[in-house]
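Read the structure below first, then the notes.
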Amino acid sequence: SFDGDAVTLTGFVAPGDAGTGFLLSRFVITHCVIDAQLAAVPIAWGGTAAPEGEWATVTGTVRSDSDGRLHIAAESVEAVPEPEDPYEY
């Protein structure tokens, strides 16, 4: 179980459920760029997030919803420049 684990993640900001936070996203490449898949993690954050499409580093704690889905309860959200390599492998 990941519930309660501390994490720091970097990705680009995408809209989430209104009023509850945003999605932190990265493209994951398994073989080559043509097979890139979007991976997104819901971020629970009541503060101001980086604008949509901008990059951010989120520090927080993994939490489990009542239905078992995971999200990050953010303690900090910091705008950062796009990484030199924006993909995960």
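The values are calculated or read from the model by the stated rules, or taken from the named source; none is laboratory data. Everything numeric in this text was worked out from a predicted model, so none of it was measured. Cβ atoms come from the backbone with ideal geometry, glycine included; neighbour counts cover every protein chain shown.
Just a few scattered comments:
- Any hit, the range 37-50, residues being of a type outside the set (A, V, I, L, M), surrounded by 13 or more Cβ atoms within 10 Å (Cβ to Cβ), outside any loop (DSSP other than H, G, I, E, B) and modelled with pLDDT under 95: no
- Any chance Gly68 is surrounded by fewer than 11 Cβ atoms within 10 Å (Cβ to Cβ), farther than 17 Å from Tyr87 by Cβ and either of a type outside the set (Asp, Glu) or under 13 Å from the mean Cα position of the chain (by Cα) (or both): yes
- Index of the failed condition, Ile34 passing every other in (1) in a helix (DSSP H, G or I); (2) surrounded by 15 or more Cβ atoms within 10 Å (Cβ to Cβ): (2)
- When Leu70 is tested against (1) closer than 18 Å to Val7 by Cα; (2) out of contact with any strand residue (DSSP E or B) (no Cβ under 7 Å at 6 or more places or on another chain); (3) of a type outside the set (Gly, Ala, Ser), only condition (2) is not met.
- Test result for Asp17, of a type in the set (D, E, K, R) and over 14 Å from the mean Cα position of the chain (by Cα): no
- Search result, residues across the range 15-27 that are among the hydrophobic types (A, V, I, L, M, F, W, C) and buried (at least 16 other Cβ atoms within 10 Å of the Cβ): Phe22, Leu23, Leu24
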